[in-house]
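A short write-up of the structure that comes next.
The values are calculated or read from the model by the stated rules, or taken from the named source; none is laboratory data. Predicted model only: the values in this text are computed from it and were never measured. Neighbour counts run over all protein chains shown; Cβ positions are idealised from the backbone, glycine included. For the accessible areas, the whole protein counts, side chains as well, though only heavy atoms, and no ligand, DNA or RNA atoms are used. Shrake-Rupley method; radii C 1.70, N 1.55, O 1.52, S 1.80 Å.
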Amino acid sequence: MYRMTPESAPNRVRAASTGASVGAPNTRSPFVRLRELLADTTPGQSPISLAVGEPQHPIPSFVGSVIAAHVNEFGRYPMNRGLEEFTAAVGQWLDRRYKLPRRVDPASEVLVLNGTREGLFLAGIAARNYAASRAKPGLKPAVLIPNPFYAAYAIAAIAADCEPVYLPATAATGFLPDLDALNDELLTRTVAFFLASPSNPQGAVAERAYLEKLAALARRFGFLVLSDECYCEIYSDRAPAGMLEAAGADFANVVVFHSLSKRSSLPGLRVGFAAGDRKFLASYLELRNVAAPQVPTPLQRVAIAAYGDEKHVEDNRRLYREKFDLADQIIGDHYNYRRPAGGFFLWLDVSAYGGSEAVTQRLWREAGLRVVPGRYLAREQADGSNPGADYIRVAMVQDKAITAEALHRLVAALG
């Protein structure tokens, strides 16, 4: 059973009879909290940051020349829906990458984004607006969020004046929310369900059957699945399935979010897209036209080139695979390590060493390693437990040599 969170006792509200974790979250950035945690501690060795999920691999070779060729376009206001060439390139890439029931219509089913963070945030607000016509009097709209989670999901729920409901994603549930534990009373007032596959931080990948079950629930209860797939191109063995594959021929109630930050090692470009349910995207675009920053057209030109090229993606994926090979060798069976199915994080169980905050401090003090306490990426349950409290998140974003040094230091410090 899911339970409500006790973070703020005056705000505690039970989500129907599910016992789901609900309530006002700690909205402070995990990285601000990390800085405060380590502020008075001197690193014991030369610092290595494995905290922020910022790819450090070389950017694709074509980026500079594409921007240079279109530099004069910085002098124009871009359209918020995106260049026709951009949406067409995205549609073609989706058709190549996934086994879709039909081709995506670039004109009505794709929108450009400034990366996924702002896109996911505004999508939460748009989902509340989109669902307003079917709201039940006296029932607080709910947004369902995996726990641990990407912070933008929770902030979106709060900004939309919805109740964030945190669904534990633990080892017991395969590090994904347990769909069978959701009851009709909660689902009736749900306006959006955020899902990340591959998940951040655990690296879990939802199988096609899981996605189909979630899509069926969304259609039955009328909520939107906001599927964060920004890590979809980083995997060890098998390309993860996508939510559009499970949505049915009309893509109803499903929107996927993608970015070039991880796929192409371009976190500073701030270009991504949303694709899916055309009725929702029309409403979403209305909000974006007044609230969202436009994406400069030279950057969209880079994205067109990036979505048309797979070699740099394969090279990128190979580099991550080689670093996970290092983790297999250096970490072995320590800390309940398992090679993640997708993404570029290690989710290490440090319960035997004092838990996430104590270990984070120890690794900085003794080894100069900066990691993120899992507690800061999750929310407490009613029983006081936190799904991330026993874990640290390690971002495998540095080059192979630095990664190997960092992993050896980690094992030496913890034993």
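Report, by residue number, each residue of the range 255-294 that is of a type in the set (A, V, I, L, M) and closer than 17 Å to residue 107 by Cα. It would help to see each step written out before you state the result.
Step one: of the range 255-294, the residues of a type in the set (A, V, I, L, M) are 255-256, 260, 266, 269, 271, 274-275, 281-282, 285, 287, 290-292.
If the condition is that a residue be of a type in the set (A, V, I, L, M) and closer than 17 Å to residue 107 by Cα, then 255, 256, 274, 275, 281, 282, 285 are the ones that fit.
Out of the residues in the range 226-250 that are of a type in the set (Gly, Ala, Ser) and outside any helix (DSSP H, G or I), which is most open to solvent (accessible area, probe 1.4 Å)?
Here the answer is 249.
Anything in the range 77-104 that is closer than 18 Å to residue 277 by Cα and assigned to a loop (DSSP other than H, G, I, E, B)? List them, or say none.
80, 81, 82, 98, 99, 100, 101, 102, 103, 104
Please verify whether residue 328 is out of contact with any strand residue (DSSP E or B) (no Cβ under 6 Å at 6 or more places or on another chain), more than 27 Å from residue 42 (Cβ to Cβ) and at pLDDT below 95, treating the condition exactly as stated.
no
Out of all the residues in the range 243-281, which are among the small types (Gly, Ala, Ser), out of contact with any Ser or Thr (no Cβ under 7 Å at 6 or more places or on another chain) and in contact (Cβ under 8 Å) with a residue 40 or more places away in the chain?
Start the filter on the range 243-281 by keeping residues that are among the small types (Gly, Ala, Ser), which leaves 246-249, 252, 259, 261, 264-265, 268, 272, 274-276.
Narrowing further to those that are out of contact with any Ser or Thr (no Cβ under 7 Å at 6 or more places or on another chain): 246-249, 252, 261, 264-265, 268, 274-276.
Once the filter is applied, which keeps residues that are among the small types (Gly, Ala, Ser), out of contact with any Ser or Thr (no Cβ under 7 Å at 6 or more places or on another chain) and in contact (Cβ under 8 Å) with a residue 40 or more places away in the chain, the range 243-281 yields 247, 248, 249, 261, 264, 265, 274, 275, 276.
Can you name every residue in the range 79-92 that is open to solvent by less than 50 Å² (accessible area, probe 1.4 Å) and either touching a Pro at 6+ places or on another chain (Cβ under 6 Å) or more than 15 Å from residue 304 (Cα to Cα) (or both)?
80, 87, 88, 91
Examine the range 93-107 for a residue that is touching a Pro at 6+ places or on another chain (Cβ under 6 Å) and open to solvent by 10 Å² or more (accessible area, probe 1.4 Å), and state whether such a residue exists.
Looking through the range 93-107, none of the residues is touching a Pro at 6+ places or on another chain (Cβ under 6 Å) and open to solvent by 10 Å² or more (accessible area, probe 1.4 Å).
Residue check: is residue 365 closer than 21 Å to residue 53 by Cβ, surrounded by fewer than 18 Cβ atoms within 10 Å (Cβ to Cβ) and among the charged types (D, E, K, R)?
Numbers: closer than 21 Å to residue 53 by Cβ: no; surrounded by fewer than 18 Cβ atoms within 10 Å (Cβ to Cβ): yes; among the charged types (D, E, K, R): yes.
Spelling it out, it is not the case that residue 365 is closer than 21 Å to residue 53 by Cβ, surrounded by fewer than 18 Cβ atoms within 10 Å (Cβ to Cβ) and among the charged types (D, E, K, R).
Condition first: part of a loop (DSSP other than H, G, I, E, B), open to solvent by 10 Å² or more (accessible area, probe 1.4 Å) and not hydrophobic (A, V, I, L, M, F, W, C). Now tell me which residues in the range 333-349 satisfy that.
Answer for the range 333-349, where residues must be part of a loop (DSSP other than H, G, I, E, B), open to solvent by 10 Å² or more (accessible area, probe 1.4 Å) and not hydrophobic (A, V, I, L, M, F, W, C): 333, 337, 338, 339.
Would you say residue 378 is closer than 20 Å to residue 153 by Cα, crowded, with 18+ Cβ neighbours inside 10 Å, touching a strand residue (DSSP E or B) at 6+ places or on another chain (Cβ under 8 Å) and aliphatic (A, V, I, L, M)?
For residue 378, the condition - closer than 20 Å to residue 153 by Cα, crowded, with 18+ Cβ neighbours inside 10 Å, touching a strand residue (DSSP E or B) at 6+ places or on another chain (Cβ under 8 Å) and aliphatic (A, V, I, L, M) - is met.
Every residue in the range 164-173 that is surrounded by fewer than 24 Cβ atoms within 10 Å (Cβ to Cβ) and either over 20 Å from the mean Cα position of the chain (by Cα) or not in a loop (DSSP other than H, G, I, E, B) (or both), please.
Matches in the range 164-173: 171, 172, 173.
Kindly list the number of the only condition in (1) among the hydrophobic types (A, V, I, L, M, F, W, C); (2) open to solvent by 20 Å² or more (accessible area, probe 1.4 Å); (3) assigned to a helix (DSSP H, G or I) that fails for residue 218.
Against the list (1) among the hydrophobic types (A, V, I, L, M, F, W, C); (2) open to solvent by 20 Å² or more (accessible area, probe 1.4 Å); (3) assigned to a helix (DSSP H, G or I), residue 218 comes up short only on (2).
Tally up the residues in the range 142-153 that are surrounded by fewer than 24 Cβ atoms within 10 Å (Cβ to Cβ) and part of a strand (DSSP E or B), please.
0
Can you name every residue in the range 136-162 that is among the small types (Gly, Ala, Ser) and in contact (Cβ under 8 Å) with a residue 12 or more places away in the chain? Spell out the reasoning first.
First pass over the range 136-162, keeping only residues among the small types (Gly, Ala, Ser): 138, 142, 151-152, 154, 156-157, 159-160.
Passing the criteria: 142, 151, 152, 154, 156, 157, 159, 160.
When the range 357-398 is examined, which residues are found to be basic (Lys, Arg) and in a helix (DSSP H, G or I)?
Listed by number, the residues that qualify are 362, 365, 375.
Here is a check on your reading of the model: is residue 401 of a type in the set (A, V, I, L, M, F, W, C), open to solvent by 50 Å² or more (accessible area, probe 1.4 Å) and either assigned to a loop (DSSP other than H, G, I, E, B) or closer than 27 Å to residue 233 by Cα (or both)?
yes
Please specify each residue of the range 307-332 satisfying the condition of being open to solvent by 40 Å² or more (accessible area, probe 1.4 Å) and charged (D, E, K, R).
309, 310, 311, 314, 315, 318, 321, 322, 325, 328
Checking the condition at pLDDT below 95 and in a loop (DSSP other than H, G, I, E, B), which residue from 139, 176 passes? Walk me through how you get there before you give the answer.
Working: 176 fails: at pLDDT below 95.
On inspection, the qualifying residue turns out to be 139.
Quick one: what pairs do we get from the range 303-328, first residue without any contact (Cβ under 8 Å) to a residue 40 or more places away in the chain, second assigned to a helix (DSSP H, G or I) and surrounded by fewer than 15 Cβ atoms within 10 Å (Cβ to Cβ), C-beta under 9 Å, 6+ apart or different chains?
Every condition considered, the pairs that remain are 310/96.
Residues being open to solvent by 10 Å² or more (accessible area, probe 1.4 Å), in contact with a helix residue (DSSP H, G or I) (Cβ under 7 Å, 6 or more places away or on another chain) and aliphatic (A, V, I, L, M): count how many of those fall in the range 280-302.
Summing the residues that are open to solvent by 10 Å² or more (accessible area, probe 1.4 Å), in contact with a helix residue (DSSP H, G or I) (Cβ under 7 Å, 6 or more places away or on another chain) and aliphatic (A, V, I, L, M) in the range 280-302 gives 3.
Scan the range 251-265 for residues that are open to solvent by less than 10 Å² (accessible area, probe 1.4 Å) and either of a type in the set (Val, Ile, Thr) or assigned to a loop (DSSP other than H, G, I, E, B) (or both) and jot them down.
Of everything in the range 251-265, those that are open to solvent by less than 10 Å² (accessible area, probe 1.4 Å) and either of a type in the set (Val, Ile, Thr) or assigned to a loop (DSSP other than H, G, I, E, B) (or both) turn out to be 251, 254, 255, 256, 264, 265.
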